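K.L.:
Take this structure first; my questions come after.
Only the coordinates and a few stated rules stand behind these numbers; no lab work does. As the structure is a prediction and not an experimental result, all values here were calculated from the model. Reconstructed Cβ throughout: ideal geometry from the backbone, glycine too, with neighbour counts over all protein chains shown.
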Amino acid sequence: MKRRSFLLLALLPSLAHAHSYKLGDIAIGHAWGLPSKDGETQVFMPLFNSGNTTDTLVSAIYEFAKSAELRSNNDYSKPAEAGFELAPKKPFPMRPTANHIRLLGLAKPLISGDRISMTLKFQTSGETKIEVHIQDKAGE
């Protein structure tokens, strides 16, 4: 229980950031991505399901990428995840080398300072458009 409370406290500042989003019971914190390299990038954001039932992030769409994959780590030799399950009342963090959205086949390079629009689709809550800030590291 202490660990869960700590994680929630760590997540709350991100959710309070100026560009956080709410879709039904799903809170989406500061979304950020790394500058692209070799036509791809990684995108991260904290998610929190305040509801009483599980929901699942099933896809992400960036119109200037050929595809987007949900990844649990950087081992790209394995298949992508079918979805990110968001258990009730538990934070779902994303960070480099762990859970993230991988954008492939970018139409143009993304550099620090860029902002892109991405659509997230959840199994129960539906979909929403968010803004992703491209930055060199978390917290910028």
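K.L.:
From a point 7 Å beyond the Cα of ALA80 in the direction of its Cβ, which residues of the stretch 54-71 have a backbone N at a distance under 19 Å?
P.N.:
56-71
K.L.:
Given charges of +1 on the Cβ of Lys and Arg and -1 on the Cβ of Asp and Glu, with all other atoms neutral, how large is the dipole of the stretch 2-134 about its Cα centre, in debye to the nearest 20?
P.N.:
So the dipole magnitude of the stretch 2-134 works out to roughly 400 debye.
K.L.:
Between the DSSP loop rule and a limit of at most 16 other Cβ atoms within 10 Å, which GluC sites (Glu not before Pro) in the stretch 11-103 are left? Mind showing how you got there, number by number?
P.N.:
On the way: sites: GLU40, GLU63, GLU69, GLU81, GLU85; in loops: GLU63.
Within the stretch 11-103, the qualifying GluC sites (Glu not before Pro) (loop, at most 16 other Cβ atoms within 10 Å) are GLU63.
K.L.:
If one takes the longest principal axis of the Cα atoms in the chain, at what angle in degrees, from 0 to 90 and to the nearest 10, does the Cα axis of helix 2-16 lie?
P.N.:
The helix 2-16 is inclined about 60 degrees to the chain.
K.L.:
Please arrange THR124, THR41, THR97 by how many other C-beta atoms lie within 10 Å of their C-beta, fewest to most.
P.N.:
THR97, THR124, THR41
K.L.:
For ASP55, enumerate residues with amide H under 5 Å from its amide H, sequence gap 5+ or separate chain, H modeled in the peptide plane.
P.N.:
Counting only residues 5 or more places away or on other chains, the set is LEU86.
K.L.:
Then there is this: Percent of Cα-Cα pairs per 5 Å bin, from 0 to the last occupied bin, for the chain, please list those.
P.N.:
2, 10, 20, 25, 21, 13, 6, 2, 0
K.L.:
Can you spot the lysines whose alpha carbon is less than 26 Å from LYS22's alpha carbon? Ignore those fewer than 8 places along the same chain.
P.N.:
Straight-distance partners of LYS22: LYS2, LYS89, LYS90, LYS121, LYS129, LYS137.
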